[in-house]
1. Okay, helix-only estimate at 222 nm for the chain: each DSSP H run of n ≥ 4 adds -39500 (n - 2.57), divide by all residues, round to 500 deg cm²/dmol; what do you get?
2. Are there any trypsin sites (Lys or Arg not before Pro) in region 105-170 that are in a DSSP loop and have at most 13 other Cβ atoms within 10 Å? List them by number.
3. Calculate the spin-label point distance for Arg76 paired with Leu259, positioning each point 7 Å from the Cα along the beta-carbon direction, and give it in nanometres.
4. Please compute the modelled spin-label separation between Arg307 and Arg234, points set 7 Å along Cα→Cβ, answer in nm with one decimal.
5. Work through the residues other than His148 whose Cβ is under 9 Å from its Cβ and net out their charges, Lys, Arg +1 and Asp, Glu -1.
6. Accessible area per residue of the chain at 1.4 Å probe, in Å²?
7. Taking the Cα centre of region 168-231 as the origin, how large is its charge dipole in debye, to the nearest 20, when only Lys and Arg (+1) and Asp and Glu (-1) carry charge on their Cβ atoms?
8. Taking K and R as +1 and D and E as -1, what net charge do the other residues with C-beta under 9 Å from the C-beta of His279 add up to?
Amino acid sequence: MNTDPAPVTTDEPDRLVLRARDVHFDWSALDLHWIPDEPFATHVINVLHLLLPEGERWFVEVFKQAVPHITDHELREQVLGFIGQEAVHAEAHAGVLDHMDAHGLDPRPYVEQIAWLFRVVLGDRDLSGAREFAWLRTRLAVIAGIEHYTAVLGQWVLDAKRLDEVGTDPTMLDLLRWHGAEEVEHRSVAYDLYMHVDGGYTRRALAMGVAAFALASLWVRGVRFLVVNDPYLRGRIDGVRPKASWALRDGRRGLIPHLGRLARAIPEYLRRRYHPSHHGSTAQAVAYLAVSPAARAAEAAEREAAR
């Protein structure tokens, strides 16, 4: 399987005006294992539903604090669009947590740990002046690193034809691709904001190290939590302890992101001349958003409300 990043095409659209799409999803018919007969692969991706709501709410709060420091009008508009999109993302994924709970898999113990990380460890501190601004810049650097990964994941799910072939639930697939498309669409905003208010390479590199380590640790922990607490798997999969070999296997099969691709995201980001626009396809993201059932329904509702 080719795990190289999608090349930038020559027909990429100009910088877009970012806007939040008020999407809604109906989870009433969703199976707990929404990739049929693939519980491990399902839960690898399910970790995103646990991580993203709290993380994206944190992104929104940090970006709101950064807005007064923006002196470029175009960047300010991009940041405001990013804030709107991330707020909707958080709520869209939060609905899946209620679905898990209804199937006997209570996500709250893990989600509470994630909330503590973002609200306490990475939250606001009793600082002022230069120290407060330094903490803001550090958090913006961490977000820029995380956003590099979310763009990689967004491009992956847009390309993941294998998920269609194995019969993945179409509503869940639309959620993932709608979100992935918007991550690709706004992939440059966090980096551009960091470069605008700071731009230091050392802080950027160290923050990527923190972001990569935290994401890997939390993802492994989240997969273990979901598999161990899945009421349908208890006692059926080798004592329900997930193995690294399963991730390698399912990555090769195209059911989850390939570990090699995720590893290569770090040196990509650490290049001195890195920019998010060099990776992923805005044209592909925009094309999906034009056909996404949830995005089209949101646009139709907007037009109706405007009448």
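The values are calculated or read from the model by the stated rules, or taken from the named source; none is laboratory data. Just so it is clear, the structure is predicted and the values come from calculations on it, not from any experiment. Because the Cβ atoms are built from the backbone with ideal geometry, glycine has one as well, and the counts that use them run over all protein chains shown. The accessibility values were calculated without ligands, DNA or RNA, using every heavy atom of the protein model including side chains. Shrake-Rupley method; radii C 1.70, N 1.55, O 1.52, S 1.80 Å.
1. Result for the chain, helices only: -22000 deg cm²/dmol.
2. Values: sites: Arg119, Arg125, Arg131, Arg137, Arg139, Lys161, Arg162; in loops: Arg125.
Answer by residue number: Arg125.
3. 4.7
4. A separation of 5.1 nm, rounded to one decimal place.
5. Values: positive: Arg187; negative: Glu147, Glu268.
Result for the local shell: -1.
6. 47
7. Values: 6 positive and 8 negative charges, 79 e Å.
Charge dipole, region 168-231, about its Cα centre: 380 debye, nearest 20.
8. Numbers: positive: Arg187; negative: Glu268.
Every neighbour counted, the sum reads 0.
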